[in-house]
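Undergrad: Would you mind keeping the following structure in view while I ask a few things?
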Amino acid sequence: QVQLVESGGGSVQAGGSLRLSCVASGLIFSINDMGWYRQVPGKEREMVGEITRGGRTNYGDSVNGRFTISRDSAKNSVSLQIHSLKLEDTAVYYCAADVLLTTGVPLKRYWGQGTQVTVTS
């Protein structure tokens, strides 16, 4: 019903920058909150940034001002700009969106497949 596809992951040296993008498609009537999360093996998924339909943002405590989330509601997309990458930013990054379907299915959170970000020294 809804597909979220992330792009932009890869390997980058510590101190570098990266931009992740995510596009949602399918039977979308509207999207409320969108966000980015990350997960490393053996740990819980961690919120790194969320953005409301109105553009209000919220960041995880570990971000420390290095991450910027933005969205283009016309394109059903959300991006995450990461600066000053650290080794501990290595994780699988997931896109999420709270979607109301055209079929009337109540608001539900959908997830992307994830994109690997590896920070090297």
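Quick note: the coordinates plus some simple rules give every number you see, no bench work behind them. Here the structure is a predicted model, which is why all the values come from computation and not from measurement. Here Cβ is always computed from backbone atoms with ideal geometry, including for glycine, and neighbour counts include all displayed protein chains.
Undergrad: When the chain is modelled as a GNM with alpha-carbon springs shorter than 10 Å, which of 21, 70, 84 fluctuates the most?
TA: 84
Undergrad: Cross-link candidates for residue 108: which aspartates and glutamates have Cα within less than 12 Å, leaving aside residues fewer than 8 places away along the same chain?
TA: Straight-distance partners of residue 108: 33, 98.
Undergrad: Percent relative contact order of the chain, based on C-alpha pairs within less than 8 angstrom and at least six residues apart?
TA: 35 percent
Undergrad: For labels at residue 84 and residue 46 in the simple 7 Å Cα→Cβ model, what's the distance in nm?
TA: Taking the simple label geometry, residue 84 and residue 46 are separated by 1.6 nm.
Undergrad: The range 25-121: percent of C-alpha pairs farther apart than 20 Å?
TA: That tail contains 38 percent of the Cα-Cα pairs.
Undergrad: What distance in nm lies between label points placed 7 Å from Cα along the C-beta direction at residue 5 and residue 68?
TA: Between residue 5 and residue 68, the label points sit 2.6 nm apart.
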